[in-house]
Each structure stands twice: as C-alpha cells, then as structure tokens.
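J.: The structure's right below; bear with me while I get my questions together.
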Amino acid sequence: MYDFKVVIDPGHGGDDPGAVANNTNEKDLTKLISDYMYERFKEMGVPVAITRTTDETVNPTERVNRILNAFGDSEDVIVISNHINSSSSTSAQGAEVIYALRNEDTLAENILNALETAGQVTRTFYQRRLPSDTSKDYYFIHRNTGKTEPVLIEYGFINNKDDLNRIKTNYKKYVDAIVDAVIATKMGGSIPPQGTTTYVVKKGDSLYKIANEYNTTVAELKRINNLTSDLLTIGQILLIPLDSTSDSNNQTYIVKSGDTLYSIARKFNTTVDNLKKLNNLSSDTLSVGQVLTISGTTNEDIPSTVNYTVAKGDTLFMGNNE
Ligand SMILES: [Zn+2]
C-alpha cells in the first residue's frame, strides 16, 4: 500500500569510525540506530534496504551505488543517513536534519519535529551548500544520490554527554517517532483508493479479526495491502475493501502536517462539528498520521463524491477524487 521505499544508511563503518568521543564511536551508534530503524520499517510493511549490516568500510562511491541499486534511482526512494555530530565545543547539543537542494523541506521538518516530540533536544533542519560550488550539496549523500530524497540525520553531539546519554537511552523512541513521521509525511493528505477505506491496527488485532469485522477475508486484506506475512503492528494503516463494509458513505482521510479540523472540514464540504461527532473527538487537536472518518452525511445537498483539491506537498497515493 505504500508508494515509497526507504534506504537506511548507517554512517561510517570499518576503518572509518566517524566521530569519536566519550569512549564511543559514531559508527557503532549509527549501526545500532539503523538496525532498529530497518526492523521498524519492515514491521510497518514499508519496502526497506540498508547500506551496511556489519562493521564494514564503505567508501562514498560504493555507498551511493548501494543506495541507487536498492530500489533504483527514483524520487520515491527516501534515503535516511544516520549520523552523530561532533563539535569543538562541548556545549553544542541537539539534533539536526539536513535535506537536499533538490527537495522540499517537509520531510526534514517533520523528522526534526518528531525527534523533539520524542524528547531529544533539537537545533534545526536545513540545506548545506558546497563552498566551492554553491549550486551543489555539501554532503555526497545529497549530491551524488540522483533523484532520491535523502535526509541526513545528526541525532546529537557525541562529545556532549547529555546528548550522548539521551541517544543511548532513547534511540528506539527516536526511531519510532521518525518512522511514524516518514510514513505520515508520505501518506498524509492522501485519500485511499476508490472502493477502500482505511483502518488503524489496534492492540489485540489480527488479520483474521479485522477480516471478520469488515466481512472480508485474510487473503483479500493481504492482497490489497501487499502483505507478505500475517504480522501487524499497532498503528499500522490497513486498506479495507469498502463494498463489504456496512457504511459505505464514509471515507477516510489521513491527517498531514498543517491540517486543522477547519481546513479538513472545508476540503470535504462538511463542518468541524460533524467531523468531531463522526470521530468522537473531544478536542480540536489533531496529530499527523491520524485517520479521520469523513462524511457519512445524509444531507442531500452534499454530493456523495467529495472534491479534494490537492495541496502542495500532498502525496496522492490515489487521486480518484480529483
Ligand atoms: Zn557522521
């Protein structure tokens, strides 16, 4: 069901330890973070690859080759290069996300916000240019990676003890937040394909239980979601065939960054009150990636086919209403 792929790049490795401070090598931390990130994307059903799985020296040319060979040189490939920063000052702290000159800032911003929400101190998201040719990216991971969408994440400073402790203690939490942010960024604002609705997996769910609930089959669920195993993750978004559900007037919408109940209500020709009632919301607060039920109205004046105007930054994973 995802229209993007992820290549994870554990920075440095082998003969290149990266930054070294406080008895820690950057290359070991980036591998720890990347291995966990790889597992998390896999659990979520996102096609994922990794540039190294051992403590191996990978030069920039080889690294770029592995990135471009994983899923091809394509705009729908997100490259997440994991690094730990270092500074001559021990007071410098916080995470940074650097994105390529060819890309918009949405993904970088959402990742940095996710890190902040997960408890890491954050600095900024930005682009960095090569001083000798400012039309080019500073980092090869941006400069030489074709049409892919690379982000370089510096999780904090290795020579800052607070940053380092936070990373070592909380890296799984940070990665969970990043994985959610990447998926929400790529899926957010999208409308499920015609004839389907979405369902967010809850604790205790199984494909069998969901199939029963929606009067469909495990095989059908696996087919339309491209699932290769029966494993589900809490929070995973599944497509459900709509013609087999009872309330086929309803459709769903996945909240993207910048959305408000008001903006969504306007998009779908409904009201904030209706949205709150339909979704049992007690407050106006939305979170990115949240799935809202839309419409289900009995008002004859409102067309059954809603019009959704695609906004800049939206990912259309099926533009059937446009
Ligand atoms: Zn590094």
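The values are calculated or read from the model by the stated rules, or taken from the named source; none is laboratory data. These numbers come from a predicted model, not from an experiment. A quick note on method: Cβ atoms are made from the backbone with ideal geometry, for glycine too, and the neighbour counts reach across all protein chains shown.
J.: Just to be sure I understand, how many residues within region 7-58 are farther than 28 Å from SER74 by Cβ and among the hydroxyl-bearing types (Ser, Thr, Tyr)?
T.: Matching residues across region 7-58 total 1.
J.: Still on this model: Taking into account only those residues within region 71-91 that are of a type in the set (A, V, I, L, M, F, W, C) and either buried (at least 21 other Cβ atoms within 10 Å of the Cβ) or modelled with pLDDT under 95 (or both), which is nearest to the ligand (Cβ to nearest atom)? If you could, list the steps in order and put the result at the bottom.
T.: Kept after step one, since they are of a type in the set (A, V, I, L, M, F, W, C), are these residues of region 71-91: 71, 77-80, 84.
Now narrow it down to the ones that are either buried (at least 21 other Cβ atoms within 10 Å of the Cβ) or modelled with pLDDT under 95 (or both): 77-80, 84.
Numbers: VAL77: 21, ILE78: 19, VAL79: 14, ILE80: 13, ILE84: 6 Å.
Among those residues, the one meeting the criterion is ILE84.
J.: Can you tell me which residue within region 90-129, out of those that are assigned to a loop (DSSP other than H, G, I, E, B) and among the small types (Gly, Ala, Ser), is farthest from the chain's Cα centre (by Cα)? Walk me through it before giving the result.
T.: If we filter region 90-129 for residues that are assigned to a loop (DSSP other than H, G, I, E, B), which is where we start, we get 90-94, 100-105, 118-121, 127-128.
Applying the additional criterion that residues be among the small types (Gly, Ala, Ser) yields 91-92, 94, 100, 118-119.
Details: SER91: 30, ALA92: 27, GLY94: 21, ALA100: 17, ALA118: 14, GLY119: 18 Å.
Taking the candidates together, the pick is SER91.
J.: Taking region 24-60 as the region of interest, how many residues are part of a helix (DSSP H, G or I) and either within 16 Å of the ligand (Cβ to nearest atom) or in contact (Cβ under 8 Å) with a residue 12 or more places away in the chain (or both)?
T.: Going residue by residue through region 24-60, those that are part of a helix (DSSP H, G or I) are 26-43, 60.
Next, only the ones that are either within 16 Å of the ligand (Cβ to nearest atom) or in contact (Cβ under 8 Å) with a residue 12 or more places away in the chain (or both) stay: 26-38, 40-41, 43, 60.
Number satisfying all stated conditions: 17.
J.: I would also like to ask the following. Would you mind stating whether THR148 is more than 16 Å from the ligand (Cβ to nearest atom) and either under 29 Å from GLU62 (Cβ atoms) or of a type in the set (Phe, Trp, Tyr) (or both)? Don't jump to the end; show me each part of the working.
T.: Working: more than 16 Å from the ligand (Cβ to nearest atom): yes; either under 29 Å from GLU62 (Cβ atoms) or of a type in the set (Phe, Trp, Tyr) (or both): yes.
Yes: the conditions hold for THR148.
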